[in-house]
Amino acid sequence: MSANVDTTRSDSQLPPVEPPTDAPHGRRRTHKTGFGEARPHWLAYLVLGVGLIVVTSPFIWMALSSLKSEGEIRQVPPTWFPEAPTLDNFRELFDRLDFPQFFTNSAVVAIAVTLGNLVFCSMLGYVLAKSNFAGKKLLFRLVLGTLMVPGMVTLVPLFVLVANMGLVNTYFGLILPFLAAPFGVFLMRQFFLGIPDELIDAARVDGASEARIFVQVVIPLAKPAIATLGIITFLGSWNNFLWPLVVATTEDKYTLPVALALYSTGQHQTDYGLLLAGAVVVVVPVLIVFLILQRYFVQGVALTGIK
Amino acid sequence: MSAQTAVRPGEQVPPSRTDPYAIRKRPPLYRRRTRAAWGFALPFMILFLVFTVGPVLLSLAMAVTDLRSRDLRNPFAVEFVGLDNFIAVFADPIFRKAAANTAYFVLVGVPLTLCLALAIAVVLNSGITRAKTLFRVGYYMPVVTSIVAVAVVWRFLLHPDVGLINEVLGWVGIDGPNWLASTTWAMPSMIAMATWRSIGTLIIIFLAGLQSVPTALHEAAALDGAGVWQRFRHITVPTLRPTLLFGAVITGIGYVQFFEEPFVMTQGGPLNSTLSVAYHTYNQFGFGNYGYAAAMSYVLFFFVVLLALVQFRLLGDRDTPRRRRRKPTPVARQEIGR
């Protein structure tokens, strides 16, 4: 069953793959039907291409400029391609800042937050979707209701709480507040709703306990949703900025965005080359992960509509 | 509890001979299932109550007191002040300025983002076959990028002398302003950034919605002589209404809380021209005016809810909320069913 899901997943979650133009049911996509579909496709490509250039040019420019010397970055008029590509900016960045430490901090926090969310959200999402019990509606409303609460409402009470627990400037302080996110419950519930009741009932009739059904029947079916939630949560945590900025008070607990932010507003504000190199170091790993796993993001958005 | 037991859907016991038996039998099963379900819910709920619900309530409690940061060591000195904080918020000229800025940002930013995303999604869906993934991935890239890195890059792009944007404007003979230092242009720069960052999510939502627009309708309308624009206006938009509403609501919720862009780009300046309500709240927390800031954060919460309601009124019809929630189900079902 799980193998079956695996093989079909790629074409069911994405917009359907275009059939070859000579296939009979592909007719409406071809130029020949006359339903106004003979619209010049080059125009569509032109519009999309221009848009794509506008949207991605900041990234391209960032990558290219991080290879320029400080002098060339300040040059008027600005150049696109580095005249003398150099890795000096990166070398200096790694000399001055403890990047391995920031990287480790970001990774530890993001992995812990992701694992926690996967376990807790899928458990609650499962019972909200597939079980009837006293208090279910109340639970669901409580969890969904907080999706709309602005982060500003909880920021300071949360900080006071974490401070009272003695968790300021600790990994626990960075991780615990994000372990149970309503978004994950919503996503997992939406996915579990689509699992046929018959499967679960069959397992119940066979005498399996709820825990066993969850681990052996439901979780294997939910691999796509778990992958989606995992990646979205991981990158959300990796990019999270405000909370680590407030909670991490010494350099050994800084995450990458915090380090870059403090660096870019502190005494190095005008070391443009270094800042751009820092931005590349923060962005590129994320973009690589995203490019490899992009279909899961698409699925997550299509399932819940929330990034 | 017994009432709920009776209406439980999808679990009918054969009615004929088992009725009295079932009545005896069901409650224990239901109780057992409730116990199991709460066991599943418990880990999440403990963390959720402590780290989310708790702070929300605590914040509300703060909002009706005169709590300041120095009172934390001596909580008994704090006094209940009722709605005084809320009155003070609305009397605060900086708050009014921030509210006007936020309204500007939302009223321009949300329609702009929606229209651009819809246009791109429609073109992407218009039957092009090649490079679809490339486009989708390209437009989504800003969504997964850290705001801090975005800020570094955009500060350069918007730089008056060495910035790419003014350079490009120079090609067509426009002398670009000093974007971030101008009280007129700082806010449009923020809107452009926010649009750039949000458009990818909306494109994917709209693409998913566009899949559900029946092609038969388009074909019939085309046979009757409807043009591309007419079909967009009278077929695509009405069918897409729930999706549009959903997109508008999530974009609106995000934009009302507008904070990160000015925080990393302008620190609310110049002359408070990019100070948002969320940013003002953050500053007040920073100054230690906890009660006052908490009240303001609830005002912000109120506006989030208000905006969502207004959008439901404008774009929705009565059954939209339900359709919105159900919509994702078929996607998941297909996936399992195959």
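Values quoted throughout were computed directly from the atomic coordinates according to the rules given, and no laboratory measurement underlies them. Predicted model only: the values in this text are computed from it and were never measured. Positions of Cβ are generated from backbone atoms using ideal geometry, with glycine treated the same way; all protein chains shown enter the neighbour counts.
Observations
- Net charge contributed by nearby residues that have their C-beta within less than 10 Å of B:G288 (K/R +1, D/E -1): +1
- Pairwise FRET efficiency - A:W42 versus B:D161, Cβ, R0 = 30 Å, nearest 0.05: 0.20
- Counted residue by residue at 0.36 nm each, then reduced by the alpha carbon distance between them, the extension gain from A:T79 to A:L115 reaches 8.6 nm.
- Once the Cα-Cα distance is subtracted from the 0.36 nm per residue extended length, the A:K223 to A:F172 segment shows a gain of 15.6 nm.
- Shape category assigned to the range B:88-337 from the gyration tensor of Cα positions, a/c cut at 1.5: oblate
- For B:A278, net neighbour charge (Lys/Arg +1, Asp/Glu -1) across residues whose Cβ lies under 12 Å away: -2
- With a 10 Å cut-off around each Cβ of B:81-88, the average count of Cβ atoms from other chains is 0.
- Placing a label point 7 Å from the Cα of A:L147 along the Cα-to-Cβ direction, the residues of the range B:249-293 whose backbone N falls under 15 Å of that point are B:249-254.
- Inter-label distance, nm, simple model (7 Å from Cα along the C-beta direction), A:A63/B:Q211: 2.9 nm
- Charge context of A:L67, other residues only, Cβ under 14 angstrom, K/R +1, D/E -1: -3
- For the range B:139-204 and the range A:174-192, distance of Cα centres in Å: 32 Å
- Across peptide A:272-283, the average count of Cβ atoms from other chains found within 10 Å of a residue's Cβ is 4.
- Efficiency of FRET between A:A208 and A:T104 - r from beta-carbon atoms, R0 45 angstrom, step 0.05: 0.65
- Packing-based ranking of B:247-259, A:85-97 yields B:247-259, A:85-97, ordered from highest to lowest mean Cβ neighbour count within 10 Å.
- Label-to-label distance, nm, for residues given as A:T250 and B:A181 (7 Å Cα→Cβ offset): 4.0 nm
- Sequence of A:W42, B:W38 once ranked by neighbouring C-beta atoms within 10 Å, starting from the fewest: A:W42, B:W38
- Computed packing ranks the peptides B:237-245, A:159-167, A:175-183, B:292-300 as B:292-300, A:175-183, B:237-245, A:159-167, most packed first, by mean other Cβ atoms within 10 Å.
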